[in-house]
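No lab work stands behind these numbers, since they all come straight from the coordinates. Model, not experiment: these values are computed from the prediction. Counting neighbours? That spans all protein chains shown, and the Cβs are built from the backbone with ideal geometry, glycine included.
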Amino acid sequence: MPSAPLLISQAFNGLALGTLLALVSSGLTIILGTLGVLNFAHGALFMLGAYAIFVAAAKTGSFVVGVLVGTVFMLLIGVALERGLVRWFYGRPPEDQILVTFGAGIVLVEAVRAVFGGDSQHVSTPAWGGGVAQIGFLIYPLYRLELIGIIAALLGLFYIVLYRTSIGLVVRAGIEDARMVGILGINVRRTFLLVFAIGAAAAGVSGMLYAPIVSVDPDMGAEFLVQSFVVIVIGGLGSYPGAIVGGIIAGEIVSITSAFNSAYSDVMLYAVMALLLVLRPQGLFGSEGRV
C-alpha cells in the first residue's frame, strides 16, 4: 500500500499529466468534431513541438521566446498539412483519413529521426522553473506546478476563443453542421484551415511544455496519440469541456494507478474507457448522435 505522501505526489503528477492531455486533446477534438478528420498525425505534431523548443530555445537562449517561435512554426506546419494533404480527404471514408494521417505522422517522425538521429535529446528546465516547492509536508518540483498553471491559462484562452469570439462561434457551428455554415455564406475552407492550424499548434505547444520533464525522442508522441483518443472518448466527441475533464480523469487514473503498480496504469485507463462506452457511449459531455 503506497504511503499518503506518495499518493498526494502522484495526484499532483496526475493533474500535470491531465492538463497536458487536455491541451493535446482539445486540438484533436476540434479537428475531429469540426473537420470530421481522424488525425493520426497528432502524436507526431506533439513530438515535433518538443523538437521545436529544443532547437528554438538553444538558438534564442530563452525558453519563453522559444515557445513563441515554436508556436509560429507549428501553425505553419498545420497550414502546410491542411493545404497540402488533409483538405483532399474531407468527406472521405474514415479509413482513408486514418491511413493518410497515419502516413503523414510516420513521415514527420522519420524526417525528425533523419535530422536529429534516434538518440534522446534534453531540453533544460527554464530558470524560473528550477528548484522545488514546499506544499505542507510535500516537496514537489516547481516546474510541474507552474506547468499546471500555464496549461490552465492556455485552456482558458482557448475557451475564450471558442465561446466568446465570432471565430469560435463559426467553429462550434461547424462542429454541429458544416454544410449549413457553408450555406450561410461563411468561408468554410478558410475556417477549416484555421481549425487545423490551431489544433496542430495545441499539440505542438503541449510537446514544448512537456519537453523539460522527459527525454525528447522521435517516438515520444505515440503514447500521447493513443491517450488523446481515449480522452475524447471519455469526454465526448467535439466537446471542449469534455476534453478538459476527460484529460484530468485520464491523467489521474494513470498516475494514481502507477502508485500501486505502474504495469497496470494503461490497463486501468482503457478499462474505464470501455466501461464508459457501455454505460454512456457518447461520453461524459457528448451529445446523442455523436458516438
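What is the local net charge at L38, summed over the other residues whose Cβ is closer than 12 Å to its Cβ (Lys, Arg +1; Asp, Glu -1)?
Details: positive: R92; negative: E95, D96.
My count for the surroundings of L38 gives -1.
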Can you tell me the Rg and Dmax of region 1-97, counting just the alpha carbons, in angstroms?
17.5, 54
Counting each DSSP H run of 4 or more residues in the chain as -39500 (n - 2.57), what helix-only mean residue ellipticity at 222 nm follows after dividing by all residues, to the nearest 500 deg cm²/dmol?
-24500 deg cm²/dmol
The simple spin-label model distance between F260 and V161, using points 7 Å out along Cα→Cβ, in nm, is 3.9
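Say R0 is 35 Å: what FRET efficiency, to the nearest 0.05, do I135 and A80 get from their beta-carbon distance? Walk me through the intermediate numbers first.
Working: r = 43 Å, r/R0 = 1.24.
Plugging the Cβ-Cβ distance into 1/(1 + (r/R0)^6) gives 0.20.
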With no solvent and one point per C-alpha, what does the Debye sum give as log10 I(q)/I(0) for the chain at q = 0.11, 0.13 Å⁻¹?
-0.64, -0.90
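Evaluate region 225-291: find the radius of gyration of its Cα atoms, find its Kirkwood radius, and give the ratio Rg to Rh. Write down the numbers at each step before the final one.
Details: Rg = 11.6 Å, Rh = 11.7 Å.
That ratio is 0.99, to two decimals.
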Going by C-beta contacts inside 10 Å, put L279, L145 in order with the fewest on the left.
L279, L145
Residues with amide H under 5 Å from that of A133, placed H, sequence gap 5 or more:
Y140, L142
Taking θ = phi - 60°, what integer Hz values does the Karplus form 6.51 cos²θ - 1.76 cosθ + 1.60 yield along region 210-219, in sequence order, with x for Gly and Pro?
7, 4, x, 8, 10, 6, 8, 9, x, 9
